[in-house]
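A short worksheet on the structure shown next.
The values are calculated or read from the model by the stated rules, or taken from the named source; none is laboratory data. From a predicted model like this one, the values you see are computed outputs, not experimental measurements. Ideal geometry is used to build each Cβ from the backbone, glycine not excepted, and the neighbour counts take in all protein chains shown. Note: accessible area is taken over every heavy atom of the protein model, side chains too, but ligands, DNA and RNA are not part of it. Shrake-Rupley method; radii C 1.70, N 1.55, O 1.52, S 1.80 Å.
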Amino acid sequence: SAIQTLGRIVRDAHNAGVALLFVQVDAEYRAQIIEACAPNAGPHFETEKDAAIEVLEQRVLDNMPKSKGSTARPRLIKELVELIDDSGPVQRLELPPGTILFQAGTSGREIYLLLKGQMRAEIQRSNGSQMRVAQFRGGALIGELAHYSNGDRTADVISETDVELLRVDVESLEGDHPDIASDIHQYAAGILARRLIITTALANRMLSR
């Protein structure tokens, strides 16, 4: 009876244009819920809460107006790639899966630009377990919070696949290539602003319920 009622709720939500997301549902109940729903009206399932939050964040992003500066990232990557030098302010890194780029609590002012692959950020819960708080894909900036706050790293960052990154010493760039450093600052400001918009939107939705 409960499953059938839940199925009706899912169908009504689908008809109203509302997507439902369920977290940590056992496989047995998941199959029953899907069966109780109309075709193509089933909810989205995730096994972990942090993964569900990422799905919600991405949906908020997808509904946001596209930035007029969408060409900024390719231009910035091209500028940085041209400066790659093992002893210079821009260095190329290639990491295999499972490699820790940096850990929470460590110092570091460098910013990383992820070119290829996928990485994640984790923090430690009070019970000692790890919780994923972010996932990074190509084009993402990593480590900018510590750079701009002049503080320690706030999370462990780990490669999930083979990755290729650019390690950028922004302070050195400001002296030798101020225009490129300015491009990095503008790109980072846009990313931080979008994160704030996402956080505010999710908070408003939760408070309005």
If we scan segment 71-84, do we find a residue that is of a type outside the set (A, V, I, L, M), at pLDDT below 90 and more than 25 Å from V163 (Cβ to Cβ)? no
Can we say Q103 is surrounded by fewer than 18 Cβ atoms within 10 Å (Cβ to Cβ), under 17 Å from K49 (Cα atoms) and either touching a Lys or Arg at 6+ places or on another chain (Cβ under 7 Å) or among the polar types (S, T, N, Q) (or both)? no
Just to be sure I understand, how many residues within segment 162-189 are within 15 Å of L145 (Cβ to Cβ) and of a type outside the set (V, I, T)? 4
Of all residues making up segment 91-124, the number that are assigned to a strand (DSSP E or B), within 11 Å of V157 (Cα to Cα) and among the β-branched types (V, I, T): 2
Name the single residue, out of those in segment 12-34 being within 30 Å of the chain's Cα centre (by Cα) and charged (D, E, K, R), that is least open to solvent (accessible area, probe 1.4 Å). R30
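Can Q91 be described as over 17 Å from the mean Cα position of the chain (by Cα) and either open to solvent by 70 Å² or more (accessible area, probe 1.4 Å) or under 25 Å from A189 (Cβ atoms) (or both)?
yes
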Please identify the pairs in which a residue from segment 23-35 that is among the β-branched types (V, I, T) has its Cβ atom under 7 Å from the Cβ atom of a residue that is open to solvent by 70 Å² or more (accessible area, probe 1.4 Å), counting only partners at least 6 apart or on another chain. V23/K49
